[in-house]
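Presented below is the structure to which this report refers.
What follows draws every value from the coordinates through simple rules; no lab data is involved. Keep in mind it's a predicted model, so treat the numbers as computed, not measured. Heads up, the Cβs are rebuilt from the backbone with ideal geometry, glycines too, and the neighbour counts pull from every protein chain shown.
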Amino acid sequence: MLKNFYCLLTLLIVLALLFVTLPQSGAQSNKTQPATAKDQNAVPPKNLSGTWAISTPRNEAWYNYALIGDEPPMTAWALEKFKANKPSFGPNPQEESNDPSYSCLPNSVPRVYAAVQASMQIVELPGRVIMFFGRNLRQIYTDGRTHPPDLRPLWMGHSIGKWDGDTFVVDTIDISDVNWLDRMGHPHSDRLHLIERFRRVDDTTMQLNLTIDDPIAYTKTWDATPRTFRLRQNARAVEAICEDMFVNESFGIHPVLPSMK
Amino acid sequence: MRKHPMYAVLGVLLLFASFSIALAQMAEKSGTTEPQKTAPADLSGLWVVHPPASASAYSSFAFAKDVPPMTDWGEEKYKAAKPVFGTNKTMAKQSNDPVYGCFPPGLPRIYLHPKPIEIVQLPDEVIMMFEYDRIVRHIYIDGRPHDEFLDPPLWMGDSIGKWEGDTLVIDTIGFNDKTWLDRAGHPHSDALHVVERMRRLNHETLSDDITIEDPKAYTKPWTAQTRFQLRPDLALDWEGVCENEKLADRQ
C-alpha cells in the first residue's frame, strides 16, 4: 500500500511539473510560429507606423546633408539667397555658419530628411498621421479636408495626405521660408509646394520620393534624391534638445537670422 | 499505513502549488509578451491643466503650499535659484529660471504651464505632446525596463508605464539636475524619481497623483496632485518656438 502511495505521489509531482512547464512551451511555440508565418507574407502595404531610420547608401557621405543630386535651376531670387547662406556642410563648409538650425529654429520639411541622425516616428490615427522628428512634429490630415485658403506660414507647413494604391501621397504648402531646404543652404520660398510619396518596399524598408515645386526659387519642378528608411524594432525616442549645444550659460542664443513673424 | 493521509495531503498541496505557479506564469506571460489590445482606460484627448480651486493661490507656480523638507544640498540649491514666483521671487530680468534660456522645463514642472497637452494612446506607448516648449514624452507601456545607458541624462527623464486597473502608473527616472521642480525654484538632483498615477475621474477630468522622491534634495518623499480638463474644442499649436520669440523681441 505504502508503495502505491509513493507511486501516486510521484505521479502527482510529474503532473505538477507538467502543469508548470506545458503552458510555457505552449506560449513559446504560439509566439514564434505565427511570427515566422507573418514574416513570409508581405507587410500590409498601407501601414507606415513605426520608428524609421534613414539608411545611408554605402560610401555616400553627401547623403548626410544633401537632398539634391543635380543642382536644380535657381531663380535670381534664390541665387542671391544661396550666396548669402553660409552652410557648414557641402562643398564649401563655412566655419561661421548662419544655418538657422544653429539658432534652434525648427527644421522644416523637406530638410528633416537631410540628416542621417534623424530618427522618425510615424503614428497613424483616424483622420490624421503624426510624424515625430524629435521635438519637431507634423500632422498630416487624412480626413479629406483641403488646404485652408488663409494660412500663415507654419514651421512644417499644412499637410494633407491620401493613399494612391500602395503609396501615401502627402501634399504640403505654407512652409515657413526661415529654414533652408537642406543642410547645404539651398533656399526655398513660402510658395514651396512639396509632394512626398511614401511607399513600403518590403517588411522593413520604406522609400520616400520628394517633388519640389517652388516657382519663386526654382525655374522648374524637380525631384530630390529618394530617401530610404529602415524600420527599427523596439526603438526608443531620442531626446534631442538643441539648446544643449547652442545655448550658453547666460542664456545667450546664437543669433543667426530674423525670426518668423 | 498511518502515513497515507499525509502523503495524499502533501500531493494535493503540491498539485495546487504547481497550478498556481503555472497560472501566475501564464498571467505574467500574457502581460509581457503581448501588449494589451484594449487598454483598461482611454486617456487620449486634448487636455488643459485645471488645478482644484483650493490650490488657486499657488497653483500657477507650485504644487504645494508649504516648502517640502529639503536636505542641506537642496537648501543650498534653492537659495541659488532666482525664480519669478514664490517666496524667493525676483524680477524677470534677474531670474536664472532655466526656461528663460529656452531649456526644457522638466517634470513635474511642465504641468504648471497652462498650455494644452495632447495624449495619444498606442498599444506599446502613451505619447504626451505638450504645447508648452514643444515637449514630447514617450511613456513605454510594453513592459520594457528603464534605459540603463542614459548618457547624458535627460531633461524630461526616461518614462515607463503600466496599467493598474484604470490607472496609468508612470515611473520616470534618468533626469539631469538642470531643471526645477516648479516655477518657485524648488530644486532636484539627478536622483529624482517621479511616480505619477494618472486616472480619468470622469469623461472630462483627468487626475494625476505625483510622488516626488529625491533623497539628495529632500529628506522624505512628497506628493503633489494636479488635474486636467478635456478640451476637444482646442487644437494643439506647435508653432510657438522659444528662440523664435526671443529673436522677434530683439527686432
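Let me confirm one metric for peptide A:174-180, namely the mean number of other chain beta-carbon atoms within 10 Å of its residues' beta-carbons.
1
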Charge dipole (region B:139-207, unit charges on Cβ, about Cα centre) - positive-most of B:168, B:181, B:206: B:206
Net lengthening on full extension, residue A:75/residue A:201 (0.36 nm per residue, minus Cα-Cα): 41.8 nm
Convex hull volume of region B:69-146 per residue (C-alpha atoms, cubic angstrom): 135
Residue A:58-residue A:240 pseudo-label distance in nm [points 7 Å out on the Cα-to-Cβ vector]: 2.6
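How long is the gain from residue B:216 to residue B:100 if the chain were fully straight, where each residue apart is worth 0.36 nm and the alpha carbon distance is subtracted?
39.2 nm
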